[in-house]
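Q: Would you mind keeping the following structure in view while I ask a few things?
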Amino acid sequence: MKTALKYLAPVALLAAATSANAINVSPCAGGRSATSYYIDSVEKGAKVKITLQGAGAVTLPNAALTGDSPVGQDFMLNADCTFVSYIYTTSTEGRTNLYTITGSWFYPAESKLIYFTLDGDISKGAEVDPEATTWGRLFAGGLGIPAVMHELFPAKVSAYDVIYPSVSVKTGTIQLSPDGQSAKATMSIIGKGVTTDTKSVRKETGFSFGSTVKATVVANPT
């Protein structure tokens, strides 16, 4: 009996340890030891670019929206496979969040990239609660993409209406460095809309909203 217990005890301990690890390892982390990540742009490491077909491109910071305040972006990838990201400006008065982006993430075991996608039903467009989903926050309110188009391209656009079913996330990826200390995040949202130009002519045009971020990484932040 003592001999049996001698062999059973290590097996039981191993099973308990394996069970504990299974609970702690996030399913979205592909079995990696890090189950969550905090990623934040380095100084002057974030660029947010908004383009409108026929009008050009504007990179934030821009006087119309942010003045000369630098732009940053951070990501909190949670162990439950959700994430929240803020595109923000900083000034002597502190930090101001311009856009809040939420969704889910996945880091396949054999991949060098973390993939993320945005939450909410894009087909609902600005009809959804602007505080409820990423799409609502991006397309409704004073900083929503339709309003931003007029602010950024005032000589070209008097009104802009997004064709919501055409909108998609072209890229949503985060590439960690081999040592896991830094990252490059890329997000690109593309779609079509109908613009009314300053001569009251209506026409279909394309747009994009995206960011590129050089960042530092903290694995399993406390």
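Q: What part of the accessible area of the range 72-158, given as a whole %, is carbon or sulfur when the probe is 1.4 angstrom?
A: 53 percent
Q: Along the Cα→Cβ direction, 7 angstrom out, place labels at Lys49 and Thr92. What is the inter-label distance in nm?
A: 3.3 nm
Q: If you don't mind, another one. Compute the FRET efficiency between Asp68 and Ser177 as 1/(1 + (r/R0)^6), taking r as their Cβ-Cβ distance and R0 = 30 Å, and round to the nearest 0.05.
A: Efficiency, rounded to the nearest 0.05: 0.50.
Q: Identify which of Val157, Val201, Val84 has the largest mean-square fluctuation in a Gaussian network model of the chain, with springs joining Cα atoms closer than 10 Å.
A: Val201
Q: Once amide H atoms are placed 1.01 Å from N in the peptide plane, what residues at a sequence separation of 5 or more from Gly103, or on another chain, have their amide H within under 5 Å of its amide H?
A: Result for Gly103 returns Phe83, Asp119.
Q: May I have the extent of the alpha carbons of the range 118-222 along their three principal axes, as whole Å values ordered from largest to smallest?
A: 54, 28, 22
Q: Determine the relative contact order of the range 74-222: mean sequence separation of Cα pairs under 8 Å and six or more apart, normalised by residue count, in whole percent.
A: Once normalised by length, the contact order is 15 percent.
Q: How are the alpha carbon pair distances in the chain distributed across 5 Å bins from zero to the largest one, expressed in percent?
A: Over the chain, the share of Cα pairs per 5 Å bin runs 1, 6, 13, 16, 16, 14, 10, 7, 5, 3, 2, 2, 2, 1, 1, 1, 0, 0, 0 percent.
Q: Can you tell me which of Ser33, Ser123, Ser200 moves the most in a GNM of the chain? Springs connect C-alpha atoms under 10 Å apart.
A: Sorting by GNM fluctuation, first place goes to Ser200.
Q: Let me ask another. Just to verify a number: FRET efficiency for Thr222 and Ala57, C-beta to C-beta distance, R0 = 35 Å, to 0.05?
A: Rounded to the nearest 0.05, the efficiency is 0.30.
Q: Between Ile190 and Ser111, what is the spin-label point distance in nm, taking each point 7 Å from the Cα along the Cα→C-beta axis?
A: 1.9 nm
Q: Still on this structure, please answer the following. Could you check which residue among Pro70, Pro61, Pro178 shows the biggest mean-square fluctuation in a GNM of the chain with a 10 Å Cα cutoff?
A: Among Pro70, Pro61, Pro178, the largest GNM mean-square fluctuation belongs to Pro178.
Q: Using heavy-atom solvent-accessible surface (probe 1.4 Å) with all chains present, what is the largest-first order of Cys28, Cys81?
A: Cys81, Cys28
Q: Relative to the first principal axis of the alpha-carbon coordinates of the chain, what is the inclination of helix 2-24, with its axis defined by its Cα atoms, in degrees from 0 to 90 and to the nearest 10?
A: For helix 2-24, the angle is close to 10 degrees.
Q: Separate question: Label-point separation (nm) for Asp119 and Thr82, each offset 7 Å from Cα along Cα-to-Cβ?
A: 0.4 nm
Q: Keeping every protein chain in place, order Thr92, Thr102, Thr117 by accessible area at 1.4 Å, biggest value first, i.e. largest first.
A: Thr92, Thr117, Thr102
Q: Which is the longest stretch in the chain that no exposed loop site breaks, taking sites as GluC sites (Glu not before Pro) with a DSSP loop state and at most 16 other Cβ atoms within 10 Å?
A: It runs 1-92.
Q: Rolling a 1.4 Å sphere over the protein heavy atoms, what is the accessible area per residue of the chain, to the nearest Å²?
A: 53 Å²
Q: For Lys214, which lysines qualify as cross-link partners when the Cα separation must be under 30 Å and same-chain residues fewer than eight apart are set aside?
A: Lys44, Lys47, Lys49, Lys112, Lys170, Lys184, Lys192
Q: Of Asp80, Asp161, Asp74, Asp197, which has the most accessible area with a 1.4 Å probe, and how do the rest follow in descending order?
A: Highest to lowest solvent-accessible surface, that is Asp80, Asp161, Asp197, Asp74.
Q: Amide H of Thr35 versus every other amide H placed in the peptide plane: which residues, excluding those fewer than 5 positions away on the same chain, fall under 5 Å?
A: The answer is Asn220.
The values are calculated or read from the model by the stated rules, or taken from the named source; none is laboratory data. Bear in mind that the values here come from a model prediction, so they are computed numbers and not experimental data. Methodologically, a virtual Cβ is constructed for each residue, glycine included, from the backbone with ideal geometry; neighbour enumeration extends over all protein chains shown. With ligands, DNA and RNA removed, areas are computed over all heavy atoms of the protein, side chains included. Shrake-Rupley method; radii C 1.70, N 1.55, O 1.52, S 1.80 Å.
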